[in-house]
Every structure is written in C-alpha cells, then in structure tokens.
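Here's the structure, in structure tokens; my notes come after.
The values are calculated or read from the model by the stated rules, or taken from the named source; none is laboratory data. This one's a predicted model, so the numbers in the text were calculated from it and none came from an experiment. Because the Cβ atoms are built from the backbone with ideal geometry, glycine has one as well, and the counts that use them run over all protein chains shown. The protein model used for the area step is the full one, side chains on, heavy atoms only, and it has no ligands, DNA or RNA in it. Shrake-Rupley method; radii C 1.70, N 1.55, O 1.52, S 1.80 Å.
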Amino acid sequence: MSATRYTYLGPEGTFTEAALRSLPEAATRELVPMVSVPAALDAVRNGEAAAALVPIENSVEGGVTATLDELASGEPLMIYREVLLPIAFALLVRPGTALSDIKTVTGHPVAQPQVRNWLRKHLPEAVWESAASNADGARLVQEGRFDAAFAGEFAAATYGLEAVVKEIHDAENAETRFVLVGRPARPAAPTGADKTSVVLWLGDDHPGALLELLQEFAVRGVNLMLIQSRPTGAGIGNYCFAVDAEGHVSDRRVGEALMGLKRICPQVRFLGSYPRAGASRADVRPLRRGTSDEEFTAASDWLARAQDGRA
C-alpha cells in the first residue's frame, strides 16, 4: 500500500481537491485525481492509496448518492475525518466570451440545484448538460464542447479560462461536506465532539420498522445528524439507511445503540467515529438525563449487584 498517496474526485481544480489541500497532511502526500468517486475509493481498497477524499453531503442538495452507495457496498472502508468547504461558483468561459454568447453550460449534477435560480434569471435559454465533476466541466469548456462551466474560480487558471461571473449561489452559506476514507482500523480516540456513521438494513418491511431503528438512538439520547434512505438494488421497497449520529463509538450511549441495532438489523455497517468538522467540546448538546457514560456505568453496576443479590 502507498502510505503517501491520497486520491480524490478529479480532475485537478475540483472543490474536492481544494478541500483535500486544506488538510495539513496533504502537503506531504502525493495527491492523485481520479475520474469518479468509485475509482477514488477503489484505489484505497486495492492498496494503491492510503486514503481518498470524496464529497458525501451538500447543504442544498443533500447526500451525494455515489459516495453513500459506495460506502454501503463492496469491501468495507472507514471514515477518519471530515472537511466542510464553503461553496460558491464562478461561471468559467474561454477568454473573450461574453455572458450573451453563452448557449450551453455544464457542471457536476450536484452543482445544478445550487445555481438553478441564477441560471433561470440570467441565462434562461442556456442548455445544461452534466459533467463528471465541476473541474471536468471546465476542461470540456477548454476543449470547446461547452460555452461555460460552473466551477470554483480557482479552476480557471488550470484550464486557461476566465470567470465571466463570480460568487454564484442560490443559497447563502452553502457548504459541502467531504470525508477522508481509508481501510478499516481502530477509530481515533474520542475528542468530545465526534460523529459516528453507520449503514443500517431493515430486516423486513412492516409498520414501524424505521421507528424501531430510530428508537435505539432516541431512548439512549443519541442525536441524529443525518438519515438518508438508499435503495439496496434488491427490488422496489428495499432500502438501507445511511445514518450520522452525534458521539463516538466508545461512548456508552452510542455503543449500546449500535448493539441494539445489531440485534434487530440483518446487517449493520460501521463507517467510523471521527471528529466533527468545525466543532469543539463546547458545541456538543447537553445530554438528556440518564444518557451519560457515568449513568450507563452506574446502571450496569447496579444490575450486576442485583444479579449477585447485593442490590
């Protein structure tokens, strides 16, 4: 395995590359762009790279399905950290192109919902066609296949383009969450401001089936930060659920919730416990009474004494 190589969703000039370069360790790694999320993750699975950075969630569009599906299937991988990156687009064109000249535009499919209103207002006749990534859209503009691409302004120099419009976004404070993914190993020690990610499969479809999963978290005071259903491919109505929960797997309340889920789910895939991006210990919500590690320990000790006739 190459311990010094990180892959990412390429080509050069993507928001994913910008997020990866924000990590301190990126300065000492070989950063290799890949053509797709599956390709970036497969490089980790087959030992060509130590880790991959891929997008997993956008504050406007929601979960990135390619990443969620890859993490739910195939050889298991684990998330070791996350990165939040503010997202604003520039409209990149070949030098000399005016806004009135633009008839075709491109960008990553996740970008379109973030600029839809701007397009409707400023380029209502322009035809949109999706690209593999925003930077790949810039490359296609460079090759003359499209008039303009929505991408990060930083991609302009890489592809010999210029920004005819900057700071484009329909939603203020839009962000994309990226995750650094590697092969399974022991999670890092808890920081007090952590997140745990899992994928859960329903045993069968019946009234209250999803509620049963959620109750395993709720009764232990574990707050959920994301839950998204994804089809399993086994037919209409068959779903698994990607879940992000506050806390670390070593927290008693989180560990017991996962054990409860393992008892009722035919499959549970642990995707890791890792520090929450931009969070500190003070950001963690107060625990509900009866859900702290100390209270779990006290209850366990009480039960042991009761079983021993000492309660």
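Shown in residue order for segment 93-103 are the 3J(HN,Hα) couplings computed by the Karplus curve 6.51 cos²θ - 1.76 cosθ + 1.60 at θ = phi - 60°: 9, 5, x, x, 7, 9, 4, 5, 7, 7, 10 Hz (x for Gly and Pro).
Does segment 66-207 classify as rounded, prolate or oblate by the C-alpha gyration tensor (a ≥ b ≥ c root eigenvalues; a/c under 1.5 gives rounded; else a/b over b/c gives prolate, otherwise oblate)?
On the way: a/c = 2.41, a/b = 2.06, b/c = 1.17.
Prolate, because a/c is 1.5 or more and a/b exceeds b/c.
Between the C-alpha center of segment 5-41 and that of segment 92-155 there is a gap of 22 Å. Atom-type composition of the exposed protein surface of the chain places 51 percent of the accessible area on carbon and sulfur (1.4 angstrom probe). Specify which labelled value, from [x] 35, 62, 4; [y] 30, 51, 17, 2, 0; [z] 30, 58, 12, agrees with P(r) over Cα pairs in 20 Å bins from 0, in percent derived from the coordinates of the model shown. Structure-derived value, by its label: [y].
Can you give the FRET efficiency to the nearest 0.05 for Ile236 and Ile264, using r as the Cβ-Cβ distance and R₀ = 30 Å?
Working: r = 23 Å, r/R0 = 0.76.
Given R0 = 30 Å and the Cβ-Cβ separation, E is 0.85.
Listed by chain and number, the lysines whose alpha-carbon sits under 25 Å from that of Lys262, ignoring those within fewer than 8 places in the same chain, are Lys195.
Ranking Gln267, Ala151, Met34 by Cα position along the charge dipole of the chain, where only Lys, Arg, Asp and Glu carry charges on their C-beta atoms, puts Gln267 farthest toward the positive end. Counting only GluC sites (Glu not before Pro) that DSSP places in a loop and that have at most 10 other Cβ atoms within 10 Å, the longest clean stretch of the chain runs over 173-311. Using C-alpha pairs under 8 Å with a sequence gap of at least 6, the mean separation divided by the residue count of segment 143-265 gives a relative contact order of 25 percent.
I'd like the projected area of segment 1-62, averaged over all directions, using the convex hull of its alpha carbons. Report it in nm² with one decimal. If you can, show how the numbers build up before the last one.
On the way: hull surface 17.0 nm².
Average projection, Cα convex hull of segment 1-62: 4.2 nm².
Dividing the mean sequence gap of close Cα pairs (under 8 Å, 6+ apart) by how many residues the chain holds gives a relative contact order of 20 percent.
Excluding same-chain neighbours fewer than eight residues apart, the lysines reachable from Lys121 by a Cα-Cα span under 21 Å are Lys103, Lys166.
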